Amino acid sequence: FLKPVLPPDIRAMKGKAPLVMVTAYTTPVARLADPHCDMLLVGDSLGMVLHGLPSTIGVTMEMMILHGRAVVRGAQKAMVVVDMPFGSYEEGPEQAFRNASRLMVETGAVAVKLEGGQHMAETIAFLTARAVPVMAHIGLTPQSVNTLGGYKVVGRGGEADRLMADARAVKAAGAFSVVLEKVPEGLAGRITAALSIPTVGIGAGVHCDGQVLVIDDMLGLFTDFRPKFVKRYAELGKAADAAIADYAAEVRARSFPGPEHSFPDELPAKGQK
Ligand code: KIV
Ligand code: NA
């Protein structure tokens with residue numbers, strides 16, 4: 001039985017070892033990733049990656065709970081963090097607590113993640129004071145795609161000071177860690193140096209305390225678009241395409257199923273072949 005990772009362990013890793021995180025949405029993928037990762041993120045990216053939504057805006061609590069539960073079943077050691085979906089926390093601290101506690105109780109996940117900096121600090125403080133560990137998410141916050149006007153780099157020029165202030169605010173509010181998404185690498189390094197909690201980067205350069213990627217992106221399974229920050233460690237989409245093409249050809253040629261996949265009408269008598 002492995003001792004599960006908890007938020008204080010994640011904080012304690014700052015300055016010692018890089019933090020490894022990937023998204024997971026299902027039990028089998030959680031089982032595959034668990035031995036290699038410190039944290040598994042049930043990201044609301046599942047709306048786009050698994051459910052074909054155009055953005056993360058249509059993701060619901062029910063979707064997060066269903067996938068969160070599946071991931072918790074497959075995780076033994078890695079800490080499971082569940083994203084709070086759009087609309088489930090922005091009204092205020094009470095609404096956020098109601099939904100964060102639901103995510104924890106109904107999935108068994110250890111922590112939640114929510115998007116926003118200074119304007120979410122009060123909510124983060126309310127949650128952390130009530131035993132909800134919070135991972136913050138600043139920089140590019142995809143749930144704000146309609147107000148941001150796209151998925152652009154956040155933190156260049158005059159935006160750098162605002163992002164540093166966001167980072168300090170979520171830390172002061174009690175977040176145990178913060179995701180930096182699509183932030184210029186120098187600024188991400190300065191934020192990492194300025195904070196006593198670990199930063200986890202996605203498209204934020206090598207100076208962050210850890211890294212996170214969307215699993216379907218890194219495995220080459222989600223190919224609708226490919227941000228610059230994605231590295232494909234495998235081409236499972238291509239492998240799956242070839243496999244399905246072979247299957248289809250063999251069915252059409254009646255070469256599948258073979259006798260080894262079929263059941264004879266009579267079992268061979270004992271002692272005979
Ligand atoms: O939803 C998600 O997968 C995320 C990561 C990209 C950090 O929030
Ligand atoms: Na997310």
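Every number in this text was worked out from the coordinates using simple rules, so none of it is lab data. Everything numeric here is computed off the predicted structure, so don't read it as measured data. Don't worry about glycine lacking a Cβ; one is built from the backbone with ideal geometry, like all the others, and counts go over all protein chains shown.
Here are a few things to note about the model shown:
- Extension gain for Arg162-Glu94 works out to 21.9 nm (0.36 nm per residue, less the C-alpha to C-alpha distance).
- When both segment 1-59 and segment 153-192 are represented by their alpha-carbon centers, they are found 21 Å apart.
- With each label modelled as a point 7 angstrom along the Cα→C-beta vector, the Phe225-Lys270 pair spans 6.7 nm.
- For segment 22-28, the Karplus equation 6.51 cos²θ - 1.76 cosθ + 1.60, evaluated at θ = phi - 60°, returns couplings of 9, 7, 8, 10, 9, 4, x Hz by residue, with Gly and Pro reported as x.
- Neighbour net charge for Ala243 - beta-carbon separation under 14 angstrom, K R +1, D E -1: -3
- Evaluated at q = 0.16 Å⁻¹, a Debye calculation over the C-alpha positions of segment 58-124 (equal weights, vacuum) places log10 I(q)/I(0) at -0.50.
- Local charge for Gly74 was computed over the other residues whose Cβ lies under 12 Å away, with Lys and Arg +1 and Asp and Glu -1, and equals +3.
- Taking each residue as 0.36 nm, the span from Arg252 to Ser144 lengthens on full extension beyond its C-alpha to C-alpha distance by 34.1 nm.
- Förster radius 41 Å - calculated FRET efficiency between Ala245 and Ser196, Cβ distance, rounded to 0.05: 0.20
- Compared with the rule-of-thumb size 2.2 N^0.38 Å for a compact globular protein, segment 135-191 has a Cα radius of gyration ratio of 1.07.
- Per-pair calculated FRET efficiency, R0 = 30 Å: Arg31 and His51 via Cβ, rounded to 0.05: 0.90
- Burial ranking of peptide ranges 144-155, 16-27 (average Cβ count within 10 Å, highest at the top): 16-27, 144-155
- Between Asp9 and His261, the contour length at 0.36 nm per residue exceeds the alpha carbon distance by 85.8 nm.
- Stokes-Einstein D (µm²/s) once Rh is taken as the Kirkwood radius of the chain over alpha-carbon pairs, at 20 °C in 1.002 mPa s: 107 µm²/s
- Table column - 3J(HN,Hα) (Hz), segment 178-185, Karplus curve with 6.51, -1.76, 1.60, x for Gly and Pro: 9, 7, 10, 10, 6, 10, x, 5
- Close lysine pairs were tallied over segment 7-235: pairs 8 or more places apart or on different chains with Cα atoms under 18 Å apart number 7.
- Listed peptides 121-133, 67-79, 251-263, 168-180 appear in the order 168-180, 67-79, 121-133, 251-263 once ranked by packing, highest mean of other Cβ atoms within 10 Å at the front.
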